[in-house]
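Working notes for the structure below.
The values are calculated or read from the model by the stated rules, or taken from the named source; none is laboratory data. What you see is a predicted model; the values in this text were computed from it and never measured. Quick reminder, even Gly has a Cβ in these numbers, built from the backbone with ideal geometry, and neighbours come from all protein chains shown.
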Amino acid sequence: MSTTTQRAEAAPDASTTEVVRVTVPKRSLASELRAIRIVWRRELIRYRSDRLRMVTTLVQPFLFLFILGSGLQRLANAGTHGVSLRTFIYPGILCIAVMFTAMFSAASIVWDREFGFLREMMVAPVRRSSIVIGKCLGGATVASIQGVIVICVAGLAGVPYAPLMILGIFVLQLLLAFSITAFGVMIAVRIKQMQSFMGVMQMIVTPMFFISGALFPSSGLPGWLAVLNRLDPLTYAVDPMRRLVFNHLSISPAARAALDPGITWWGWRVPSLLEVGMVVALGLVMLGIAIWQFSRTE
């Protein structure tokens, strides 16, 4: 028998070759929730394994709170009616601690795109909205953990450890973290390089922080600055945070009027619940835009 004949007999018949079938599970609410949980958990694992990130994201808030607050205290004594400048800027520091961490969490989308992991998530048999929601929840959780660290140093800033106040601060930080992460994801979806994302964030985040009134009262501002202050979304997170903290301080009525004037629209002081509602609404709108953009991404 020739060699050719032996090979022909050894080769399997094409008609009898077994075909391996790959079954893609149907989409369901359980599978979407599982996808959200996996993406959320991945953000926490990345945060836990990056000890340097934990430290570096706290450097700037602590610099503002302790270095800037202590250095300008002498100049501010007359304007703060005896209230420590550290105490005054503490609510704003709570917000920026969450804001910067949430923005860095959103940057993980750009990072995943550069290294190809994002494409693997996009071809998974789940809705892309689940990936975006998982990213936002993961970023909000990480930012809130960082915020808890700043809450723990409240006593060093002259702020009492009142249980209701601490609970309220944590809830406000969680809502702010979600909105800021959604904002960051909305921008990150269209950016392909980490350097570009960091440049855009620096251009947007820094003005948002300084205009928000985190370092100065929102009353008596020049007209142009007052307009920008009211247009800044972060303003409506800083003001209820400051109001919550100042409600637990024993200060004079003059100091309260000067340092916690609130946000006004044509002479009407905006209620805290409305401000919080605006933060949540903006977060949901930006989440919807991020989902729409991510669904169109190839």
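Here are the numbers for this structure:
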item: Hits in the range 89-118 (condition: aromatic (Phe, Trp, Tyr) and at pLDDT 85 or above); result: TYR90
item: Every residue from the range 286-298 that is surrounded by 20 or more Cβ atoms within 10 Å (Cβ to Cβ) and among the small types (Gly, Ala, Ser); result: ALA290
item: Enumerated helices (runs of 4 or more DSSP H) restricted to the range 87-193, each holding at least 3 residues that are more than 18 Å from the chain's Cα centre (by Cα) and not acidic (Asp, Glu); result: 117-122, 163-188
item: Those residues of the range 133-151 which are polar (S, T, N, Q) and under 13 Å from ILE166 (Cα atoms), in sequence order; result: SER144
item: Within the range 248-280, considering residues that are over 26 Å from the mean Cα position of the chain (by Cα) and of a type in the set (A, V, I, L, M), the one surrounded by the most Cβ atoms within 10 Å (Cβ to Cβ); result: LEU259
item: All positions within the range 252-264 that are closer than 15 Å to GLY158 by Cβ, touching a helix residue (DSSP H, G or I) at 6+ places or on another chain (Cβ under 8 Å) and among the hydrophobic types (A, V, I, L, M, F, W, C); result: LEU259
item: Residue that is modelled with pLDDT of 90 or more and closer than 17 Å to LEU287 by Cβ, where the choices are SER179, SER144, SER129; result: SER179
item: The range 218-257, residues that are farther than 20 Å from VAL279 by Cβ and either in contact with a His (Cβ under 6 Å, 6 or more places away or on another chain) or in a loop (DSSP other than H, G, I, E, B) (or both); result: SER219, GLY220, LEU221, PRO222, HIS248, LEU249, SER250, ILE251, SER252, ALA254, ALA255
item: Test: GLY283 is crowded, with 18+ Cβ neighbours inside 10 Å and closer than 19 Å to PRO61 by Cα; result: no
item: Residue that is surrounded by the fewest Cβ atoms within 10 Å (Cβ to Cβ), among those in the range 191-247 that are among the hydroxyl-bearing types (Ser, Thr, Tyr) and farther than 16 Å from PHE88 by Cα; result: THR206
